[in-house]
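Values quoted throughout were computed directly from the atomic coordinates according to the rules given, and no laboratory measurement underlies them. The shown structure was predicted, so the numbers you read here are calculated from the model rather than taken from an experiment. Using ideal geometry, Cβ is built from the backbone for each residue, glycine included, and neighbour counts are taken over all protein chains shown.
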Amino acid sequence: MEKKPLLGLCPIGKFVFSNEDAIRQKRRVQEKLSAWGVRYVDLDGVLEDGLVKDQGHVDTAVEHFRRAGVDCLFMPHCNFGTEGAVGMIAKKLGVPTLLWGPRDSAPEPDGTRLRDTLCGLFASSKVLVKLGVPFAYIENCHPDDPALARGVDTFLRAANAANALRRGVRIGLIGQRIDFFWTTIVNESELLQQFNVEVLPFDMVDFIKAAHDRARRNRAIYAQEVSDLRARYIVEGLEDDAFINVLAVRDQILALAGDHGLDGVAFQTFMSVIDAMGAYCIYAESQAAERFPFALESDIHGVVSGILLHRAMYQDQPVFLAEFTTRHPTNDNGVLIWHAGAPVSMCHPDETVRLGHHWILPSPLSGMLHFRMQDGPITVARFDGEFGDYRLAVGEGHTIDGPHTLNNYVWMEVNDWPHWERTLIEGPFIHHCAMGYGHYAAALEMACRFIPGLKAVRLDKDS
């Protein structure tokens, strides 16, 4: 599956002003998109000069973009704007839409102007609003200005994230939610009706039986993998038979995801599968999280959070369902990002992965992952809601030094932790959050424009 969206480039002109300059501006945009590695389809060879200049061009442009299967639409205004055509094309295509135009040059020596792009943008934006078309906008700037490159990148990531819920996702739920976790009670009907989120349940008894069968059939292969992992990691108190079972759990999760076309998985986590396998299966969950958004503790909203963030990241790196856990002991804007089951690829280069015991729930069983995670910029996101009111909390921070602790963790500094804390506490959010490396909050905030019924809440900005 292609990870980056296909952009429909729909250059807008008008019968007035300079047609030659409009063509020059269109070509500059094409050159920029190509230089940035953007996948796009334009109107060259479809309309005269590759420009929409008349309302009679609407159906031709819409049919062309539909055949191409564009995921989003970019409508640069190249000399003025044909606002009726802009509105109708965007309305009929119904994909995330971006509006921009190049900053106008100075008038010619005789006082005439080659284009009035800014004026045309005002007209087109009004029509989009009139027709109820959500759109994003990049400030009127020169094509070489950083604002354009940054704005196009943000828009493409936003469109990629938004299209996950606009087109629908399928989440596997392995085992039912246990009574311990009231925070992860969700309304599946609302998720399906409002956000096209299908939850596909799998019985834990059947899952355990299939995992045991898989362990038995592939014992020799798993035994070799166990030997290899013991050479790479610190493994404490985990017998070979139990370790083999953990690997079988991993492969059973991956098989269900592949067989059923799952976009993410929520897992009951404990205690049924742990007792049946004779080990905590956190390494299995970590390995699943390397491939797709994965949530412990039956957190379906956590998987949705991960899917949105993962799509904004173009799925280039894994995401991790972490927790806001405790404030930093000396930094008032620091917080511990912690949980179990982080992808091993997130391990700090100075750390060695350790599989050991559970320190919160003491047990003779082993299998918990312990390592500090890598440093870098971080984005966190939490999709949540109650009573039909759904929101996406997003914010950015960066890693900082902090005390050693157990399981998978990193200390993060944000701009104003008391503001974050109050916003999360006042709801409808919980402590779980999807986290990924890099800064994508602007893309996730923009994505909410294109997802009906979802409101963005910026944790790192005052409302």
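Angle, helix 19-35 long axis vs. longest principal axis of the chain, Cα atoms, 0 to 90°, nearest 10?
20
Roughly speaking, what is the stretch gain from Lys32 to Asn187, that is 0.36 nm per residue apart minus the C-alpha to C-alpha distance, in nm to one decimal? All intermediate terms of the calculation are to be shown ahead of the outcome.
Details: separation 155, 0.36 × 155 = 55.80 nm, distance 4.43 nm.
Going from the current span to full extension adds 51.4 nm.
Which residues' amide hydrogens lie under 5 Å from the amide hydrogen of Ala266, considering only partners 5 or more residues apart or on another chain, with H built in the peptide plane?
Here Gly172, Leu173, Ile174, Ala295 satisfy the definition.
Would you mind checking the tilt of helix 117-130 against the longest principal axis of the Cα atoms of the chain, expressed as 0 to 90 degrees and rounded to 10?
60
Below 8 Å between Cα atoms, with a sequence gap of 6+, how large is the relative contact order for segment 118-202 in percent?
On the way: 55 pairs, mean separation 21.1, N = 85.
Value for segment 118-202: 25 percent.
Highest mean first, how do 69-81, 233-245 rank when packing is the count of other Cβ atoms within 10 Å averaged over residues?
Sorting 69-81, 233-245 by mean packing, highest first, produces 69-81, 233-245.
Calculate how steeply helix 58-68 sits against the longest principal axis of the alpha-carbon atoms of the chain, using the helix alpha-carbon long axis, and give the answer as 0 to 90 degrees to the nearest 10.
It is inclined by approximately 30 degrees.
Normalising by the residue count of segment 169-458, find the relative contact order in percent from Cα pairs under 8 Å and 6+ residues apart. Could the numbers behind the result be given before it?
Numbers: 617 pairs, mean separation 52.1, N = 290.
So the answer I get is 18 percent.
Using 1/(1 + (r/R0)^6) with R0 = 25 angstrom and r between the beta carbons of Arg216 and Ser345, what's the FRET efficiency to the nearest 0.05? Present the calculation step by step, with values, prior to reporting the outcome.
Working: r = 30 Å, r/R0 = 1.18.
The calculated FRET efficiency here is 0.25.
In nanometres, what is the gap between the two model label sites at Glu386 and Arg150, each 7 Å from Cα along Cα-to-Cβ?
Going from the Glu386 label point to the Arg150 one covers 3.7 nm.
What is the antiparallel percent of DSSP beta bridges lying wholly in the chain, to the nearest 5? List each step's numbers first, then the result.
On the way: 35 of 72 bridges.
The antiparallel proportion sits near 50 percent.
Mind giving me the nanometre distance, one decimal, between the label points for Phe180 and Glu139, set 7 Å out from Cα along Cα→Cβ?
The answer from the label model is 5.1 nm.
Determine how many Å³ per residue the convex hull of the Cα atoms of segment 7-144 encloses.
Output value, Cα hull per residue: 98 Å³.
Run the numbers on segment 372-425 and let me know its relative contact order in percent, using alpha-carbon pairs under 8 Å that are six or more apart.
Details: 64 pairs, mean separation 17.9, N = 54.
Reported relative contact order: 33 percent.
Take Gln374 and Arg327, extend 7 Å from each Cα along the Cα→Cβ direction, and tell me the distance between the two endpoints in nm.
Inter-label distance under the simple model: 3.1 nm.
Lysine pairs, Cα distance under 15 Å, 8 or more residues apart or cross-chain: how many in segment 1-128? All intermediate terms of the calculation are to be shown ahead of the outcome.
Working: Lys14/Lys26; Lys14/Lys53; Lys26/Lys53; Lys91/Lys126.
Number of lysine pairs found: 4.
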